[in-house]
There are 2 protein chains.
Amino acid sequence: MKERIIVTMPKKEMIKEWYNVKADLPFALDPPLNPQTKEVITPEALSAIFCPSIIEQEVTTERYVKIPEDVLDEYVVFRPTPLIRASFLEEYLETPARIYYKYEGVSPTGSHKTNTALAQAYFNARDGIKQLVTETGAGQWGSALSYAGTKFGLKVKVFMVRISYNQKPMRKYMMQLFDGSVQESPSQSTKCGQEYLKEDPKHPGSLGIAISEAIETVLNEGNSRYSLGSVLDHVLLHQTVIGQELKKQLSMIGEIPTILIGCHGGGSNFGGTILPFIPEKLDGQEIRFIACEPESCPTLTKGEYRYDFGDSSGFTPLLMMYTLGKDFVPPKIHAGGLRYHGSAPIIAKLLKEGLIEADSFSQEETFKAAKVFSKVEGIIPAPESAHAIAGAIREAIKAKSEGRREVIVFNLSGHGLLDLSAYA
Amino acid sequence: MKERIIVTMPKKEMIKEWYNVKADLPFALDPPLNPQTKEVITPEALSAIFCPSIIEQEVTTERYVKIPEDVLDEYVVFRPTPLIRASFLEEYLETPARIYYKYEGVSPTGSHKTNTALAQAYFNARDGIKQLVTETGAGQWGSALSYAGTKFGLKVKVFMVRISYNQKPMRKYMMQLFDGSVQESPSQSTKCGQEYLKEDPKHPGSLGIAISEAIETVLNEGNSRYSLGSVLDHVLLHQTVIGQELKKQLSMIGEIPTILIGCHGGGSNFGGTILPFIPEKLDGQEIRFIACEPESCPTLTKGEYRYDFGDSSGFTPLLMMYTLGKDFVPPKIHAGGLRYHGSAPIIAKLLKEGLIEADSFSQEETFKAAKVFSKVEGIIPAPESAHAIAGAIREAIKAKSEGRREVIVFNLSGHGLLDLSAYA
């Protein structure tokens with residue numbers, strides 16, 4: 001019988017602290033700027049859109065942040081997630097590399113997004129907030145936050161980019177199942193939404209517009225805060241449960257990774273996966289980190305490193321990052337979750353400093369990787385996650401032609417069962 | 001931190017034989033009859049639609065049938081499936097019962113159907129067949145067979161009930177991803193399909209019509225055989241991997257189940273779950289088996305026990321079963337996989353002999369169970385499987401009011417991620 005190694009981790013080994021890479025970096029990050037004054041933004045200025053606990057986590061310099069017991073009680077529903085040896089993929093590729101993937105698709109809403117959604121919902125509820133407002137593109141984030149909201153008794157309002165709202169009704173149904181309220185963006189319920197609709201009554205929407213609508217709503221409705229699913233430091237912080245578990249699981253089977261791979265949209269799943277390994281890299285361990293992005297939205301591979309807005313309308317603080325420009329409109333590719341003009345400031349800085357690499361993939365190469373993976377490994381990946389698979393395959397083939405025994409590990413950030421139309 | 005018990009099973013403990021309950025029953029089953037002659041059907045008469053290995057398994061009297069190595073190599077992709085303690089559901093219900101579920105949704109196509117699909121594809125390929133033809137309602141079976149076909153190099157042709165074809169495009173995309181060819185039924189490609197379309201060019205289709213189209217295609221196309229996803233003895237045989245694993249997993253944690261529950265459509269997931277426990281029941285162990293079905297398609301609870309056809313057009317052998325009549329048209333309920341007029345002859349006989357029970361559930365009770373389960377356990381169940389959850393909840397509440405410490409185990413036969421529209 002063929003071998004199939006799945007590294008599960010006992011529940012009692014659950015990760016109990018988030019890891020803050022900023023405590024270990026030998027350089028400082030460029031701080032976010034106030035869009036009006038262009039000065040370093042103050043925590044007070046952020047408090048209109050984020051609750052105090054979240055702001056505290058955004059700026060903390062502590063190496064470890066304790067995960068609250070109530071969040072752990074929710075993590076335990078699906079964590080630790082499995083680490084799987086991709087033995088069937090190795091066999092198919094005839095590669096000498098050993099390939100593993102950490103599988104975040106087992107989460108209740110099917111992606112890694114749930115890790116930060118639960119944390120954000122918990123802290124907002126503890127700080128007395130009654131409603132979270134957010135935007136969603138492909139819908140993974142909106143589903144995750146709706147689920148988290150229902151767990152901690154918060155109302156959740158989601159602005160969903162119209163084109164996805166219409167193309168991915170299943171995601172909308174999932175949000176509704178978890179009591180989230182979803183509306184198409186641009187909508188009539190905000191001023192900025194109305195303006196876009198005046199321009200074009202059938203406006204397809206964009207992530208940038210949806211963010212603007214969410215923030216406007218927060219500013220106008222009482223006891224509401226904004227919630228973001230990627231990019232910011234606290235979001236990457238929450239995602240480090242992935243990389244920390246991964247580290248333990250690899251050491252349980254005596255493996256030392258030589259290449260760590262994740263797909264890159266805003267940077268949260270990539271960051272969550274690799275950040276806990278940064279100290280080893282700084283200590284001189286030979287390990288490469290590769291962020292995989294679509295050729296059609298090449299933020300890290302072709303963007304400029306400079307201050308830019310996180311949204312299209314210029315409501316957010318200015319962030320130092322690789323950016324294609326806030327007005328960049330990505331061509332209509334399927335990996336909705338990777339269609340973002342910018343990147344997480346932490347990831348951008350690591351790239352700038354040469355600690356990580358970035359690589360880009362055509363839609364064709366990505367789709368082919370997804371199809372092969374579905375057939376041999378029996379898991380249909382999210383189109384976003386398929387970029388990480390494509391990256392792993394590219395490295396595994398290189399290892400074969402160069403005769404090197406790499407240990408390649410990638411994060412399979414979500415399943416693609418609600419994105420099957422993209423494969424049609 | 002809350003407790004979350006997931007009983008995984010080492011791969012080396014994989015079940016290596018299917019269990020044939022017929023070897024242990026103290027009574028004989030009534031044999032299938034030839035529809036023309038009304039005499040007991042001969043294996044030869046079946047050979048036009050089934051390959052020799054499958055017929056052999058349909059009629060075998062051996063207690064155990066060895067699972068071929070090649071099938072085990074495919075089972076190992078997703079088996080053993082986990083057994084999960086529903087501790088959050090117990091807490092929600094405040095029940096003294098301990099509740100567990102076996103989770104088959106981890107299979108590559110999201111349901112237990114893959115267990116028999118892989119076996120059927122393997123045996124047909126080994127017997128030199130080049131194409132499998134089948135029908136599908138909600139699409140789980142068609143996806144599973146397409147996946148299995150691509151594994152063993154067989155072409156797979158699926159007739160999908162038109163109403164589902166249109167309502168569940170994701171299932172169609174999944175079949176296509178696995179190289180299955182799918183067409184709406186009734187179709188123009190068969191004579192019987194043409195007749196139904198003549199009656200009504202927009203005929204919504206039915207499982208019975210799709211079966212007839214599949215069989216007609218098999219009889220007309222060379223080197224093709226028919227494949228059925230439920231009802232027949234060999235299908236239940238293949239599904240006994242579920243119950244056998246379950247038995248091992250329960251004994252690993254020292255639990256003795258008092259109630260075993262499965263949803264019932266054609267009987268394969270229910271049978272696969274409970275049949276391996278029949279010997280204990282015959283030995284006098286106190287254990288109840290409950291088949292859960294929709295009130296709107298009450299085959300076991302309101303059907304007649306008699307010979308009937310497996311399809312609507314009367315092409316199949318006559319089977320002794322509980323039936324609502326081959327012309328029964330179930331109201332348009334969402335659990336597409338449970339909309340079948342008949343039942344597996346093995347299950348029917350067990351019910352007739354009083355070894356198992358059946359219970360029915362309204363759509364409202366079922367949906368409520370699904371929603372609660374999604375929220376507290378973090379898994380969105382298939383609408384079919386939600387009937388088993390409703391059954392478990394009903395028994396857990398009874399245990400509470402009667403103060404009994406039951407050990408309730410149910411099979412969660414699949415996830416509902418492709419059926420989210422049904423929850424809308």
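The values are calculated or read from the model by the stated rules, or taken from the named source; none is laboratory data. All values reported here derive from a predicted model rather than from experimental measurement. Because the Cβ atoms are built from the backbone with ideal geometry, glycine has one as well, and the counts that use them run over all protein chains shown.
With A:LEU318, A:LEU350, A:LEU355, A:LEU418 as the choices, which residue is out of contact with any strand residue (DSSP E or B) (no Cβ under 9 Å at 6 or more places or on another chain), touching a residue at least 40 places away in the same chain (Cβ under 8 Å) and among the hydrophobic types (A, V, I, L, M, F, W, C)?
None of the others qualify; the one that does is A:LEU418.
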Those residues of the stretch B:219-266 which are modelled with pLDDT under 95 and of a type in the set (Val, Ile, Thr), in sequence order: B:VAL231
Residue, farthest from B:GLU357 (Cα to Cα), within the stretch B:379-415, restricted to residues that are modelled with pLDDT under 95 and surrounded by fewer than 24 Cβ atoms within 10 Å (Cβ to Cβ): B:GLY403
Condition check for B:ALA48: in contact with a helix residue (DSSP H, G or I) (Cβ under 7 Å, 6 or more places away or on another chain), closer than 30 Å to A:VAL7 by Cβ, more than 14 Å from chain A (Cβ to nearest Cβ) and not polar (S, T, N, Q): no
Hits in the stretch B:253-293 - residues which are outside any helix (DSSP H, G or I), touching a Lys or Arg at 6+ places or on another chain (Cβ under 8 Å) and either in contact (Cβ under 8 Å) with a residue 60 or more places away in the chain or buried (at least 24 other Cβ atoms within 10 Å of the Cβ) (or both): B:GLU255, B:THR258, B:ILE259, B:LEU260, B:GLY265, B:PHE289
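Any residue in the stretch B:367-374 that is surrounded by fewer than 22 Cβ atoms within 10 Å (Cβ to Cβ), within 14 Å of another protein chain (Cβ to nearest Cβ), over 27 Å from B:LEU232 (Cβ atoms) and touching a Leu at 6+ places or on another chain (Cβ under 8 Å)?
There is at least one residue in the stretch B:367-374 that is surrounded by fewer than 22 Cβ atoms within 10 Å (Cβ to Cβ), within 14 Å of another protein chain (Cβ to nearest Cβ), over 27 Å from B:LEU232 (Cβ atoms) and touching a Leu at 6+ places or on another chain (Cβ under 8 Å).
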Helices (runs of 4 or more DSSP H) (entirely within the stretch B:156-220) containing at least 3 residues that are away from every other protein chain (no Cβ under 14 Å) and out of contact with any Gly (no Cβ under 7 Å at 6 or more places or on another chain): B:191-199, B:207-220
Which listed residue, of B:GLU199, B:GLU195, B:GLU213, is acidic (Asp, Glu) and either under 15 Å from B:THR136 (Cβ atoms) or buried (at least 23 other Cβ atoms within 10 Å of the Cβ) (or both): B:GLU213
Test: residue in the stretch B:213-223 that is closer than 30 Å to B:VAL409 by Cα, acidic (Asp, Glu) and in contact (Cβ under 8 Å) with a residue 40 or more places away in the chain: no
Residue in the stretch B:132-148 that is buried (at least 23 other Cβ atoms within 10 Å of the Cβ), within 11 Å of chain A (Cβ to nearest Cβ) and of a type in the set (Phe, Trp, Tyr) present: yes
Residue satisfying all of: in the stretch B:41-59; at pLDDT 95 or above and over 15 Å from B:HIS238 (Cα atoms); surrounded by the fewest Cβ atoms within 10 Å (Cβ to Cβ) among these: B:PRO52
Checking A:ILE290 against (1) modelled with pLDDT of 95 or more; (2) in contact with an Asp or Glu (Cβ under 7 Å, 6 or more places away or on another chain); (3) closer than 26 Å to A:ILE41 by Cα, the condition it does not meet: (3)
All positions within the stretch A:18-29 that are in contact with a Ser or Thr (Cβ under 9 Å, 6 or more places away or on another chain) and of a type outside the set (Phe, Trp, Tyr): A:ASN20, A:VAL21, A:LYS22, A:ALA23
Residue tally, condition farther than 26 Å from A:LYS326 by Cα, in a helix (DSSP H, G or I) and not hydroxyl-bearing (Ser, Thr, Tyr), over the stretch A:221-252: 11
Helices (runs of 4 or more DSSP H) wholly inside the stretch B:17-124 that include at least 2 residues being under 21 Å from the mean Cα position of the chain (by Cα): B:52-59, B:69-75
Every residue from the stretch B:184-206 that is of a type outside the set (Asp, Glu), more than 19 Å from B:LEU219 (Cα to Cα) and out of contact with any Pro (no Cβ under 7 Å at 6 or more places or on another chain): B:LYS198, B:PRO201, B:LYS202, B:PRO204, B:SER206
Qualifying residue in the stretch B:112-128 (condition: touching a residue at least 12 places away in the same chain (Cβ under 8 Å), more than 14 Å from chain A (Cβ to nearest Cβ), surrounded by fewer than 24 Cβ atoms within 10 Å (Cβ to Cβ) and in contact with a Lys or Arg (Cβ under 7 Å, 6 or more places away or on another chain)): no
The stretch B:375-407: number of residues that are away from every other protein chain (no Cβ under 14 Å), over 20 Å from the mean Cα position of the chain (by Cα) and β-branched (Val, Ile, Thr): 3
Candidates A:LYS12, A:LYS2, A:LYS38, A:LYS16 - the one that is within 10 Å of chain B (Cβ to nearest Cβ) and surrounded by fewer than 14 Cβ atoms within 10 Å (Cβ to Cβ): A:LYS12
Residue among A:GLU69, A:GLU62, A:GLU104 that is closer than 16 Å to A:LEU236 by Cα and surrounded by fewer than 20 Cβ atoms within 10 Å (Cβ to Cβ): A:GLU62
Selection from the stretch B:32-72 of residues that are in contact with a Lys or Arg (Cβ under 7 Å, 6 or more places away or on another chain) and among the β-branched types (Val, Ile, Thr): B:ILE49, B:THR61, B:ILE67
A:HIS334, sole failed condition from (1) more than 16 Å from A:GLY267 (Cβ to Cβ); (2) at pLDDT 95 or above: (2)
Candidates B:SER421, B:SER362 - the one that is among the hydroxyl-bearing types (Ser, Thr, Tyr), out of contact with any Gly (no Cβ under 7 Å at 6 or more places or on another chain), over 27 Å from B:ARG79 (Cβ atoms) and within 14 Å of chain A (Cβ to nearest Cβ): B:SER421
